[in-house]
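Quick notes on the structure that follows.
Quick note: the coordinates plus some simple rules give every number you see, no bench work behind them. What you see is a predicted model; the values in this text were computed from it and never measured. Here the Cβ is made from the backbone with ideal geometry for all residues, glycine too, and neighbour counts use every protein chain on show.
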Amino acid sequence: MDRDAFIAQLWPEDPTLAEIRQRSEAAGLPSIAVPPLVGRLLTLLVRAVGARAVLEVGTLGGYSAVCLARGLAPGGRVVTIEREARHAAVAEETFRRAGLADRIELRRGDALEVLAQLRRENARFDLLFLDADKERYPTYLEALVGLARPGALLVADNAFWHDRVLDPTATDPATEGLRRFHTALARHPQLFSLLLPVGDGLALAVVRGAAP
Ligand code: SAH
Ligand code: MG
């Protein structure tokens, strides 16, 4: 038995999440939602932070957004960003079925534009989960730091990108984007960070100091 199987027997994916995954895949969306173990970790992190305002970049069918929403403090909200209309439609249905439509706000559009719009609205978040196009992770990093409350937690998925990040012969834009993201994370004066070898890898960073 491997580590993930050992964990899965104690904390199996619950039926609601299993149904969300199946419905999303049946609708033709790619099978790239976070695995159950990472979903559970997202819920746990939102709870540990006591987050009331959570931001997600990259919704897909809404699996991880539901995991994030499950950890919210009373009165808390998740804002999630998705540019593909087909994905957004599946996600809206996911949120309705899960009874979370009032706690999750889906913003349709390109992430950079929506992040700039949130900045104009003076929005601030306690936990920020990045899971969109990997080549732009370094650009998203600065935008997310600008939207983070002091002490906020940044979380980024696919940190190892199927281990391509570890392979020096892999030089595609997504892999290079992730490498630049990790270097920026490690050197950022406002961040205390680390990569966790869980799922496809999670980057974690705590934001220090006051948001500008
Ligand atoms: N977080 C989801 C999986 C997200 S997959 C989960 O674990 O359940 C990545 C998603 O990001 C896809 O739905 C893709 O359409 C979206 N995406 C990619 N680039 C984007 C961009 N520039 N702006 C907004 N959404 C984007
Ligand atoms: Mg992912």
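Between ASP102 and ARG52, what is the FRET efficiency for a Förster distance of 22 Å, r being their Cβ-Cβ separation, to the nearest 0.05?
Taking R0 as 22 Å, the efficiency between ASP102 and ARG52 is 0.95.
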Where in the range 25-63 does the amide nitrogen come within less than 15 Å of the point 7 Å from the Cα of ASP172, taken along Cα to Cβ? 31-32
Quick calc: nm separation of the 7 Å Cα→Cβ label points for PHE6 and ALA18 -> 2.4 nm
Zone residues, the range 171-197, relative to ALA116, backbone N less than 19 Å from point 7 Å out along Cα-to-Cβ: none
